[in-house]
Every structure is written in C-alpha cells, then in structure tokens.
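See below for the structure under consideration.
The values are calculated or read from the model by the stated rules, or taken from the named source; none is laboratory data. Keep in mind it's a predicted model, so treat the numbers as computed, not measured. Here the Cβ is made from the backbone with ideal geometry for all residues, glycine too, and neighbour counts use every protein chain on show.
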Amino acid sequence: MADAQLTISSKTYSAWSLRGWLLCKLAELDVAETPVANNADNRAELLLLSPSVLVPRLTHGDVSVWDTLAIAEYLNETFPEAHMLPADRIARAHCRSISGEIHSGFSNLRSALPMNLKVKHKTFPVFSGAKPDIERIEAIWQECLSRYGGPFLFGEKPTIADAMYAPVTRRLISYAVEVSPESAAYCKTIDHWGPMQEWIKAAKAEPEEMEELEVEF
C-alpha cells in the first residue's frame, strides 16, 4: 500500500503535475496517483481537494500540501536523507532561487509552447515574446552546468531544480527549439532520466480524446 496520495491531472498536458510527481520520486516516497480531470465538471471536486483549485496535491498521513514549491520543501524536510537540495549552503540558496524563478515566471514561454508530451514537431515558429524567456532559462542552465559540473543542474544527482525545469526540457524538445549544445545535452539528460521516461510512457498511453488543459500552460 502506498505511503501517500498525489492528486494529479493529465500526464500529457500538466507541467505542474509532472513537477509534483518528480519531487515525490526524488524523495523516494511511494505515492498512489489520484487523477482528477481539470475541467468545469470536476471543479467542485478540486475545491474539496485543494483551496487553490490546483494540482498537484500531496496527502501524506494527516498532512495536505499543494503548490509544487511547498511540496518540495515539505518533502525535503520530511526526507532529508533523499538530499533533494545540494549539501552546500550557497548551492542550496542557488537551487531555491532558480526553482522559484521557474515557478513564478516565464509566462510567455508557457503560452507559446504549451505542454504536450504527445507531439514532436520538426519545426515550429516560436513567438518572439517567448525568446527572452528561453534565453534566460538557457543562461540559468549554462551557469549551473558550468559551476557544478553537470550532468544535472547541481552536479551528478538530480535535485528539486531539475524537477522544476523538467517540463521546460520537454517543451523545447517537443517544439524543436534550437538551443546551445550545453542546453541540448541537459535536455537529453532529463529526457533519459528514469522517472521522466516513466512519466512520458504513461502520458503516451492516455486517451487521445483527453482535452488539453489550458490552465496548465
């Protein structure tokens, strides 16, 4: 029996659900997935599950946590042996900073390249407003990879930051966005990461008629 429950929406379209699920994998927490369709018919159910009407939502014993950064901090406190944040104090601050940046920003990227794990374009016109977002993300990645040595953002093992940026790597791959060799290598690292492969496989098995979730951009 699973130790906890994670309420998620579409694995194909929900970037936030992916982040929450990867965070649980980093913590090595066994979770039972509770899928909830994020549409008007299920709004009442979502309200009962989470006052923010958002997924993911983690239920662990008598604790209920929603919002990906809150889930990340809860799991890091509860499972310190998982080392979800870097050991070095300065690196931890850096990791929290870039995780917060992707959590709260890059709205142009989200709207221009919506999450969709079932598509892979050969070419795709990128809205000019999204280009500064892509440039900033590449700068973040290149700084981390250079400073900490890769292949993940803070060294040899994935951290909270990698879970937070994982959906971005899939957006860049899905829409054939041209990036630097360093960024392309990082996207490949995340794409080959075991938990990511597991999620992608499950997303591809979802029903084709599932509606795209605009709220999940």
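Overview of results
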| read-out | value |
| --- | --- |
| Lone unmet requirement of (1) surrounded by 20 or more Cβ atoms within 10 Å (Cβ to Cβ); (2) at pLDDT below 95 for Cys95 | (2) |
| Conditions (1) surrounded by 20 or more Cβ atoms within 10 Å (Cβ to Cβ); (2) over 17 Å from Cys24 (Cα atoms); (3) among the polar types (S, T, N, Q); number of the one not met by Asn76 | (2) |
| Criterion violated by Leu29 - all others in (1) part of a helix (DSSP H, G or I); (2) among the aliphatic types (A, V, I, L, M); (3) at pLDDT 95 or above; (4) surrounded by fewer than 21 Cβ atoms within 10 Å (Cβ to Cβ) satisfied | (1) |
| Any hit, the stretch 125-137, residues being buried (at least 18 other Cβ atoms within 10 Å of the Cβ), in contact with a helix residue (DSSP H, G or I) (Cβ under 6 Å, 6 or more places away or on another chain) and not β-branched (Val, Ile, Thr) | yes |
| Helices (runs of 4 or more DSSP H) completely within the stretch 65-174 that count 3 or more residues being under 24 Å from Ala202 (Cα atoms) | 68-78, 160-174 |
